[in-house]
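Below is one structure; the comments refer to it alone.
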Amino acid sequence: MKKKETPSIDQWLKEAKAAPDALEEGMILLHNGVVRKTPRAQVREGIEDGSEVKGMEFDYDPLKVEEAVAETYKMDGIFYVKTWLNKGQLEVGDDIMYVLIGGDIRPHVIDGLEYLVGRIKNECVKEIEQKK
């Protein structure tokens, strides 16, 4: 599996601002997940085994991502959602995903971004860290 080409965030912002509900949007947030060298267990649980991440095998279920996006649109004040997820063998520093949320006010947009990224990470993806 080969990793995918990263999209243009400038283009994404232009699309969000040209969307049918763009005049309802007062905030746009972007999440850019990146492969880091620190293992997940160390960052999340404080478990240090002296290892570092050298890469990651990454895959996702596009139907589950679509379902999560559809649920995000049902949230209060969310008018625009766009996602891109990489695929394949990723190296430290590579982009894992982009998630863009446009909505009316800051609390709604932050909630929407947190909800969607959480759903994607917990239900839609398969990440296998490779350590050195």
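Things to note:
- What the phi angles of the range 68-85 give under the Karplus curve with 6.51, -1.76 and 1.60, with θ = phi - 60°, is a coupling list of 5, 4, 4, 5, 5, 4, 7, 6, 4, x, 9, 10, 8, 9, 9, 10, 9, 10 Hz, glycine and proline written as x.
- Within straight-line reach of Lys131, meaning a Cα separation under 20 Å, sit the following aspartates and glutamates at least 8 residues removed in sequence or on another chain: Glu45, Glu48, Asp49, Glu52, Glu57, Asp59, Glu91, Asp94, Asp95.
- Within the same chain, lysines fewer than 8 places from Lys17 are excluded, and of the rest, those with a Cα less than 21 Å from its Cα are Lys74, Lys82.
- Residue-by-residue Karplus 3J(HN,Hα) for the range 38-48, coefficients 6.51, -1.76, 1.60, Hz, glycine and proline x: 7, x, 3, 4, 6, 5, 7, 10, x, 8, 9
- Taking label positions 7 Å along the Cα-Cβ direction at both Asp10 and Ile105, the computed distance is 3.4 nm, reported to one decimal.
- Labels on offer are (1) 2.11; (2) 1.13; (3) 1.36, and the one holding Cα Rg over 2.2 N^0.38 Å computed from this structure is (2).
- Sites Glu52 and Leu23 - FRET efficiency at Förster radius 41 Å, r taken between beta-carbons, to 0.05: 0.30
- Label-zone membership for the range 113-132, site Glu71, 7 angstrom Cα→C-beta point, backbone N under 17 Å: 113-126
We did not get these values from a lab; they are worked out from the coordinates using the rules stated. Keep in mind it's a predicted model, so treat the numbers as computed, not measured. For neighbour counting, all protein chains shown are included, and Cβ atoms are generated from backbone atoms with ideal geometry for every residue, glycine included.
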